[in-house]
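To keep things clear, I will list the structure first and then write my remarks on it.
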Amino acid sequence: MIEKYGLEKRTIENNLGADTHSSLEAGSVVNLKSLDNHQLQQGVQAKVFWGTGAMVVLLELEPLAEIPDEVVSTEKFVFLLEGDVEFLADGEVHTMQALEREAPTGIHGGTPRVDFIYLEKDSKQAIQAGSKGAKILEVYSPQRADYIKLSGKEFKGGSANPVNAQAEPNIRPNKVYDLYSIQLTKLASGAFSRLISGKNVLLSFIYLDPDSEFENHIHPEEQIQIALRGSATELLLDEEHFMEENDLVRIPGNFVHGVSAGERGFDGLDVFWPSRADYLTMEKEQKGLFESIIPEGSEPTLVIDGKSTQPELFFTEGPKWMNGKLYFSNMFFDEDFNADPKKSSIVEMDEDGNYRNITEGKMQANGLYPYKNSNLIVCDMMGHRVVEMTTSGQVVKVLADSYDGKPLDGPNDIVTDSKGGFYFTDPQFTMEEEKFQPGRAVYYVNPEGDISRVTEPNGFAMPNGIVLSVDGKTLYINNTYDKESWYPVQSEKDNYIWAYDVNEDGSIQNGRQFAKVLLVGDVLERKGRSSGADGMAIDTEGNLYVATYYGVQIFNSAGQYIGMVNLPTFPISLSFGGEDMQTLYIVSFSNVYKIKTNKSGYINYAE
């Protein structure tokens, strides 16, 4: 098989001393449900399986169940999949929690959380589950002899397999991390992974795009793969095997294999033993790209909790920085995205987080942008118009309210150009059942006030965020929803940001896919292509920052994925600000966050 696919067999030079027999037959797919449960303690059940150098344990703890103090004679990873626990690591108690992703509504949209911790050999630990119990995934290397004996297997090997080819861990021991704070590393086209390494093993939480392929390959490290979501067809030597959630397989070193993801994509956990130097090199390079933009250790901090301060914030949108202030819309939606302009406002925030309404109860505003005379240009979404407004809340002029003799539907996001014109998206996200215009579209208003439609109606399923390059020659448009049974329009724009060349008259041409936005699991499960992409920001180097269901996804000027900023709730929009324009302000429902960057943001301040 190695000859057939033209692969080069590699070896690991150092002696790994792997003499423990695996509980898993090589290349044979089994399902977790078929594995026996074993009682470890009162109220603690375990499924245990292992390869020649690593062991995986799935624990279910009843409410308040305990695993008493013990010294672990191997290195160990602990991932909390469900519930919450108090985890004692070398005398320090850590509260760990797991949260599921919340389906986005008009009032909430929480992001998931999976806490984990890494313990070095001979660490002391204890665990107590919370009031709702817990599910835990543990990975050991080398294997635990007592767990092998518990499984009824004969332990063949020493008390611990010696491993001389030790890696440098890329995380710190005894520190709790959120799995979603680990950056995704691009492994191949359509394949991204969160890579976590100890001294002996590397864990790869892999994400494969729908219908993508990881071509046939070999590596000297043993691999245990667990399917977490979606489906894939695995080539294992000369046989194809279908895998879906809870299936697992052991792939020995230099064992020819490849994977083709299904139409729902594929998420999995690969446990590599020993740790893979090539993946750690990739991880280091990807981390370097991300930290060139977001400094190491920089985390989003909460500026405003709009449910504990006044005036109350509901659904924050469209932030822009101007004259030392952040301006944003405070839209009101109920659970089902029903709007109420009388409960909505536009907010002015000082850099220290103090804020006030500049107008309230007059419009359901959305996107904002600095305009002439230090005024704002405002998308009055439910008012079917774009207006110029002073920072004291006075409407100076209606700039656009109709096209082809019919009212606009719902101007959403907006950007000005250097000539005095502006572009805006209209995704018809309004209350009226019947729409005025023939479809969702993007419009341009030239400096003389003439309006034109620059995209075909329903060319985008839901055009939303919009931004111009620094030189004004490229217009970027994203697509929030697509390929959804519950949404009235489908397009070919899918989960991409699209780039267009800007002509002298403001029209656009040469539409092309610029960057592919990563999708969350629940969207992929229903075969949708909704990224949740909303507001966008750009820096002076052309890096693009996009608020999505997954987090703030960052792409460079060539559309290459750089990394992601994770938040407790999914981000809705964002803007650079601060005296040096290097602070990224991110709005999310009732909250405003900020994070420091190494880049200077770009906003076109019209004269």
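Please treat every number below as a calculation from the coordinates, not as lab data. What you see is a predicted model; the values in this text were computed from it and never measured. Positions of Cβ are generated from backbone atoms using ideal geometry, with glycine treated the same way; all protein chains shown enter the neighbour counts.
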Sticking with the crude label model, points 7 Å out along Cα→Cβ, report the distance from Glu168 to Leu237 in nm, one decimal please. 3.9
Counting other C-beta atoms within 10 Å, and keeping those with at most 12, which DSSP coil chymotrypsin sites (Phe, Trp or Tyr not before Pro) do you find in segment 450-487? Trp486
What GluC sites (Glu not before Pro) does segment 417-495 have in DSSP loop regions with at most 13 other beta carbons within 10 Å? Glu432, Glu433, Glu434, Glu448, Glu492
Gyration tensor on Cα atoms of segment 301-602, a ≥ b ≥ c root eigenvalues, a/c under 1.5 rounded, else prolate if a/b beats b/c, else oblate, says rounded
Residue (of Val30, Tyr207, Ala89) at the positive-pole extreme of segment 30-291, dipole from beta-carbon charges: Ala89
Ascending count of other beta-carbon atoms within 10 Å, so fewest first, for Lys419, Lys435: Lys419, Lys435
Gyration tensor (alpha-carbon) shape descriptor, segment 30-291, a/c threshold 1.5: rounded
Using modelled amide H (1.01 Å from N, peptide plane; none on Pro or chain starts), what sits under 5 Å from the amide H of Met382, excluding residues fewer than 5 places away? Gln364
List the GluC sites (Glu not before Pro) within segment 220-316 that fall in a DSSP loop (any state other than H, G, I, E or B) and whose Cβ has at most 11 other Cβ atoms within 10 Å. Glu296
Förster-model FRET efficiency, 56 Å R0, Gln509 and Gln41, C-beta, rounded to 0.05: 0.25
FRET efficiency for Glu3 and Asn598 from the Cβ-Cβ distance with R0 = 45 Å, rounded to 0.05, comes out at 0.40
Structure shown: which of Lys325/Lys599; Lys186/Lys596; Lys76/Lys149; Lys9/Lys284 lie over 21 Å apart, alpha-carbon to alpha-carbon? Lys186/Lys596; Lys9/Lys284
May I ask for the angle, rounded to the nearest 10°, between helix 277-291 and the longest principal axis of the chain, with both axes built from Cα atoms and the value confined to 0 to 90°? 20
Reduced to Cα centres, the span from segment 352-431 to segment 98-128 in Å works out to 40
Roughly speaking, what is the centre-to-centre gap between segment 186-232 and segment 547-586 when only Cα atoms are used, to the nearest Å? 26
Using a/c under 1.5 as the rounded threshold, could you call the chain rounded, prolate or oblate? The axes a ≥ b ≥ c are square roots of the C-alpha gyration tensor eigenvalues, and prolate needs a/b larger than b/c, oblate otherwise. prolate
Once Lys342 and Lys153 are pulled to full extension, the length gained, defined as 0.36 nm per residue separation minus their Cα-Cα distance, is 61.1 nm
